[in-house]
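Since every read-out is calculated from the coordinates, none of them should be taken as a lab result. Just so we're clear, the structure is a prediction, and the values are computed from it rather than from any experiment. Here the Cβ is made from the backbone with ideal geometry for all residues, glycine too, and neighbour counts use every protein chain on show.
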Amino acid sequence: MIGDAMATCSFCSQIKDIKAGNPPSDLIAELPTGYLKLNWFQYYHGYCLFVSKIHAEDLDELPRDFADAFMNDMLRCHRAVRVAVEPRKMNVASLGNRDKHVHWHIIPRHANDPMPDVPIWELRQSVRQNKAFRITDTSHLNLIEQIRIQLMR
Ligand SMILES: [Zn+2]
C-alpha cells in the first residue's frame, strides 16, 4: 500500500521535515515538483539528487502532468549544476532500487574522473563514499550557493 510505503520512506520523511520548517542542511532548493539536494558524498563534485514531491516508486506512476513538469524541473537542475561546477560531462539517472521514491541522480563527471567511460556505480563504493567526501552542515555551503544562483537565472 502506498500509505505504508510513505510511512517508511526516507525521502517522504525528509519532505515532512521540510514542510514542518526544518530543512536539512543539504537542501539546495525547492522547485515546483521537487527538492534539489546535494548528495551526502561529493566524490563527484556537484553531485545532486532531485527528489519528487509525490511519492511513487517509478516515473510512470506519477500523474502525467506532474511527471512532465518534474522532467522539466529536473532539466533546470541539470543545467544549473552544469554551469555551477563546469564538468566535462553530465550523467542523469533514475534508479530507485533501494530508496523507492522517484528521484534523479544528477552527476557531474569531471576531467579527473578515474573511470569516465562507465556509470559511477562501477567505481567501488568505498572510494565514492569515502568519509573524506562526506559533507557536513557547513562544508559545502559555497557549492550549494553556486547552484542556487544558477537555478535563479
Ligand atoms: Zn516517499
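Annotations
- Considering the range 82-105, the residues that are of a type in the set (Val, Ile, Thr) and either touching a Leu at 6+ places or on another chain (Cβ under 7 Å) or free of Cβ contacts under 8 Å to residues at least 24 places away in the same chain (or both) include one that is farthest from the ligand (Cβ to nearest atom), namely VAL92.
- Residue in the range 105-153 that is farthest from LEU36 (Cα to Cα), counting only those that are in a loop (DSSP other than H, G, I, E, B) and polar (S, T, N, Q): ASN112
Residue-by-condition table, conditions (1) in a helix (DSSP H, G or I); (2) more than 13 Å from the ligand (Cβ to nearest atom); (3) under 23 Å from ASN97 (Cβ atoms):
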| residue | (1), (2), (3) |
| --- | --- |
| MET6 | yes, no, yes |
| PRO24 | no, yes, yes |
| LEU36 | no, yes, yes |
| VAL51 | no, no, yes |
| CYS77 | yes, yes, yes |
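- VAL83 over 16 Å from GLN150 (Cβ atoms) and under 19 Å from the mean Cα position of the chain (by Cα): no
- Cβ-Cβ distances below 8 Å connect the following pairs, each with a first residue in the range 39-55 that is touching a residue at least 24 places away in the same chain (Cβ under 8 Å) and hydrophobic (A, V, I, L, M, F, W, C), a second residue that is within 10 Å of the ligand (Cβ to nearest atom) and assigned to a loop (DSSP other than H, G, I, E, B), and a separation of six or more residues or different chains: VAL51/HIS101; VAL51/VAL102; ILE54/VAL102.
- With respect to the conditions (1) over 13 Å from PHE41 (Cα atoms); (2) surrounded by 11 or more Cβ atoms within 10 Å (Cβ to Cβ), ILE107 lacks only one, and its number is (1).
- Top-ranked residue of the range 9-22 - restricted to ones that are more than 18 Å from ASP73 (Cβ to Cβ) and either crowded, with 19+ Cβ neighbours inside 10 Å or among the hydrophobic types (A, V, I, L, M, F, W, C) (or both), ranked as farthest from the ligand (Cβ to nearest atom): ALA20
- Scanning the range 8-22 for residues that are touching a strand residue (DSSP E or B) at 6+ places or on another chain (Cβ under 9 Å) and part of a loop (DSSP other than H, G, I, E, B) yields a count of 0.
- All positions within the range 92-104 that are part of a strand (DSSP E or B) and more than 20 Å from ILE144 (Cβ to Cβ): ALA93
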